[in-house]
Structures are given as C-alpha cells and as structure tokens.
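Student: Below is a structure I'd like to ask you about.
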Amino acid sequence: MRNKSVIFILTSTLAIGLLAGCGSGVVDKTNGSSGTPKATAPKQNEIVASFLPRIEIIEQGTGINVNYRVKNISGKAQKLTFSNGLQVDYIVYDESGKKLKQYSEEVMSTQAMEEVNLENNEEISKEFTITDLKNGKYKLEVFLTAKEEQARVVKDLLVEKAAFNGSGKYVGQIDPHTIEIDMNGTNTAFQLSDEAQRQLLALKEGSNVTFLYKENENGQKVIEKFL
C-alpha cells in the first residue's frame, strides 16, 4: 500500500511539472528573432527636426542681400500660425551682442492672423536687403514668427564693402582728390574715386548732388560715383 502511494505522488508531481512547462500553450516570442519587435520610445536627448532652415548672404551694392528658406521635412503637412502678416523676422547684433536693428521694428504689416499649411517638402522663403551697416563684424539671426515653430538661424555677418547714399550741396574742391559737401548744414569732406573725379568736371559749385559713398579703413568718406 505504501508503494502505491509513493508511485501516485511521483506521477502527480510529474504531471504538474509538465503542465507548468506547457502553460496555456501560448509561446512568448517577443524577444525572439521571428517575433514582432516592440516599439521603442525616443531617447531623452533625441530630437527629430520637422523643419530645415537655410540662409544665404550676399554683399551687393549698398546693402546685404539675405535669402532665408525653411523646408518642411517632417514627412507630413504642418500648420503654422502667424499673428500678423510678417512671417519672417531678423535681428542684427554687433560683436558685443548688442541689438542694432530688427526688421519688425522698421516695417508695417497687416495685423490679421494667418494660418499656413505647409505640405511635406514645401518651403517658405523670404528675401531681405539690409542697409546702413558699416564695415565690420556682426551676427544675423533670422527666424519664423509662427507660434508652432521659429526655425532660427544665427550666422556671422562680415561687411567689407559697405556703401551709403548721400546728398547735399556741392561747396567746392579742396584738392584734386577731395571736395566739400554741405550735408544738412554741416560741411563734410569727401575723397573722390577715379570715376567721381571724372564726373566732377560737369558739376558746378552750389549745385545739389546725390552720390554713393563708402568709408575706407581710415574712416575717410570716399565718393564712389555721383548719381
């Protein structure tokens, strides 16, 4: 009788072990090579860009031409909400970081709110001409004014060929290369380029003149040409 009890206990234990190993018949293949991998959340420092901003700067004539473009690279349409008609703004800083000028403070724009649906791979573009910057080093910051995205770009700006429009009354000639012009009641000396010297022959003292001038490395004003 005792032997039968031992056999029964061993048989029951074996059966329970087999059932535990088989479970309900569902095999977990989550970590197997043939299973579907779990979706993983982005890492904490991982940033997925939705917009690609680009900027091109060309120094021409009397100003700096800036071409700013923003492309939607998110893979889907994106909505941008603007509080007014000014979609793009810029700020110019000097070398010390002091703000010198801002586009939105110099122009007028409509005050109506505007929504733009930018399709995937579609761009927003804006061109500026920045004037009245003397030769030197600056920082240029350009950005969208949208509530959802600003797409800021900051770039070093080197001005080497700054030119300005001037006007006044031709007072007279100081020497073959220098003349004096009355600008708002102040007599100002200007040196002359070769082209301006040739044009001077046709000017009369006391006549009103308009001209394009630059400042050289010594701070001297040089008339490039009369307009």
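Student: Pick out the one residue from ASN208, ASN121, ASN184 that is within 30 Å of LEU80 (Cβ to Cβ) and loosely packed, with under 12 Cβ neighbours inside 10 Å. Break it down into steps so the answer makes sense when it comes.
Tutor: Working: ASN208 fails: within 30 Å of LEU80 (Cβ to Cβ); ASN184 fails: within 30 Å of LEU80 (Cβ to Cβ).
Criteria check complete, one pass: ASN121.
Student: Name the pairs whose Cβ atoms lie under 9 Å apart, with the first residue in segment 197-220 and in the same structural domain as LYS134 (by TED's automatic domain parsing) and under 16 Å from GLU160 (Cα atoms), the second modelled with pLDDT of 95 or more and surrounded by 13 or more Cβ atoms within 10 Å (Cβ to Cβ), and 6 or more positions between them or separate chains?
Tutor: none
Student: GLU127 is checked against (1) closer than 20 Å to GLU59 by Cβ; (2) of a type outside the set (Ser, Thr, Tyr); (3) buried (at least 16 other Cβ atoms within 10 Å of the Cβ) and fails just one. What number does that condition carry?
Tutor: (3)
Student: Now for a different question. Considering only residues of segment 150-181 that are of a type in the set (Ser, Thr, Tyr) and surrounded by fewer than 16 Cβ atoms within 10 Å (Cβ to Cβ), which is nearest to GLY219 (Cα to Cα)? Walk me through how you get there before you give the answer.
Tutor: Step one: list which residues in segment 150-181 are of a type in the set (Ser, Thr, Tyr), which gives 167, 170, 178.
Pick out the ones that are also surrounded by fewer than 16 Cβ atoms within 10 Å (Cβ to Cβ) and you get 167, 178.
On the way: SER167: 19, THR178: 14 Å.
Taking the candidates together, the pick is THR178.
Student: Among the listed residues GLY97, GLY32, GLY25, identify the single one that is modelled with pLDDT of 90 or more, part of a loop (DSSP other than H, G, I, E, B) and of a type outside the set (Ser, Thr, Tyr). Lay out the reasoning, then the answer.
Tutor: Details: GLY32 fails: modelled with pLDDT of 90 or more; GLY25 fails: modelled with pLDDT of 90 or more.
None of the other options fit; the residue is GLY97.
The values are calculated or read from the model by the stated rules, or taken from the named source; none is laboratory data. Not measured: the values here are computed from a predicted model. Methodologically, a virtual Cβ is constructed for each residue, glycine included, from the backbone with ideal geometry; neighbour enumeration extends over all protein chains shown.
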